[in-house]
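Encoded as structure tokens, the structure appears first; notes follow it.
The values are calculated or read from the model by the stated rules, or taken from the named source; none is laboratory data. This structure is a prediction, so every number in the text was calculated from the model and none was measured. Cβ placement follows ideal geometry from the backbone for every residue including glycine, while neighbour counts extend to all protein chains displayed. The area values use the complete protein model at the heavy-atom level, side chains included, leaving out ligands, DNA and RNA. Shrake-Rupley method; radii C 1.70, N 1.55, O 1.52, S 1.80 Å.
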Amino acid sequence: MFADKIYLLLLLLIPALAVFLYIAFEKRKTALRLLISRINIPTLVVVNLKAYAIKHVLFLIGLFFIILAMARPQYGKKVETVVKESSEIIIALDISRSMLAEDLKPNRLEKAKMMILEIVEKNPGEKIGIIVFSGTAMWQCPMTYDLQALKMFLQNVETDNLPLGGTRISDAVALASKAVSSRAAGGGIMFLISDGENRDPKIKEAMCTAKEAGLKIISVGIGTHEGAPIPIRDETGVARDYVKDKSGKIVMSRLDSVLLKTVAEETGGRYFNVSDEDNYPLLLKTIRNLDKNNSEVSERNNKIDRFQTFLLLGLIALFAELFFPLRRKI
């Protein structure tokens, strides 16, 4: 077996080169015989014709083995242990209707998706999964190293992916806690991306579960404190109205940073408000500096390179050529 078979095509040069050297050698002998009789050649000519022939043969042999070495011959196998270290990042994305508010352009949900996409692209080699939540929570993309799969699942995230409305952060936290507690090492990181509008009575219980599982939550506030109405769009995407309360007043959806800060502090994490542009580079830096707490060990069978032997034979042949001088002593 050869790893770089393309170099074997160079072997076709050897017969052509051999013919060329033979013709050149015969022309040299013919020229000498025209000037000097065969009987007097050993006496009058200092050129060693036998050395020419031997040097040509050694040169061709050396070239043959060097070309084989370039093609990297391989035989036999060796088992290598590969250890891959990475962080395990769970991204929990709020897809409640309030994420359609347009205080961040084009809206909160699309802004969050663009942010997640940048996180994924700037952290290759990390194991990442995506949970979406509103009135309940589910895995949108299971934990994976596959960048393209993450992008595909992320593109399909919409506010109507889940049947229940609301913002039950506790369900997302519980789902992530279950995932990290099932691992032998335990512990993990969850990025909670939400506008924080939540009336979830189970949030304290969920934080306790997260702490027991060793789940550290880094919460990311998406939206502004001034807020914005939530548009209701028709099938063509045109805003026809806005979400209203029971009294008919337009609901203003505002970022609730208090809850997000509490969740982060209680689990040993940190809070970021991405509407503040100064915080966004700091968030990306925090992700890059995460501890590599996930190690995957695998075995890989590799073929053993044997080019060294052929290279050595080729060099020996070329070096031996030097011991045959073209001039001889008279």
What does the highest-first list of 15-27, 87-99 look like by mean Cβ count within 10 Å? 87-99, 15-27
In what sequence, highest mean first, do 135-141, 309-315 appear when ranked by Cβ atoms within 10 angstrom? 135-141, 309-315
Mind checking the angle between helix 203-213 and the chain's longest principal axis? C-alpha axes, 0 to 90 degrees, to the nearest 10. 30
Give the residues of segment 94-113 whose amide nitrogen is closer than 16 Å to a point set 7 Å from the Cα of E226 in the direction of its Cβ. 101-108
Calculate what fraction, in whole %, of the accessible area of the chain sits on carbon and sulfur atoms when a 1.4 Å probe is rolled over the protein chains. 59
In degrees, nearest 10, range 0 to 90: what is the angle between the Cα axis of helix 13-35 and the longest Cα principal axis of the chain? 20
Sorted largest first, the Cα spans of the chain on the principal axes come out in Å as 126, 46, 34
About its Cα centre, the chain carries a charge dipole, from +1 on Lys and Arg Cβ atoms and -1 on Asp and Glu Cβ atoms, whose size in debye to the nearest 20 is 3100
With label points set 7 Å from each Cα along the Cα-to-Cβ direction at F2 and K244, the distance between them in nm comes to 8.0
Just order 205-211, 149-155 by mean Cβ neighbour count inside 10 Å, highest at the front, would you? 205-211, 149-155
Compute the angle between helix 307-320 and the longest alpha-carbon principal axis of the chain, please, reported from 0 to 90 degrees and rounded to the nearest 10. 30
Calculate the length of the line joining the C-alpha centroid of segment 215-246 to that of segment 6-27, in whole Å. 77
Listed residues F191, I304, L175: farthest to the positive end of the dipole of the chain (Cβ charges): I304
As I understand it, the dipole of the chain uses +1 on the Cβ of Lys and Arg and -1 on the Cβ of Asp and Glu, about the Cα centre. Which of S98, A112, S253 lies farthest toward its positive end? A112
Suppose only helical runs count, i.e. DSSP H with n ≥ 4. What mean residue ellipticity at 222 nm does that imply for the chain under -39500 (n - 2.57) per run, divided by all residues and rounded to the nearest 500 deg cm²/dmol? -12500 deg cm²/dmol
Nearest-0.05 FRET efficiency for W139 and F319 at R0 = 56 Å, using Cβ-Cβ distance, is 0.30
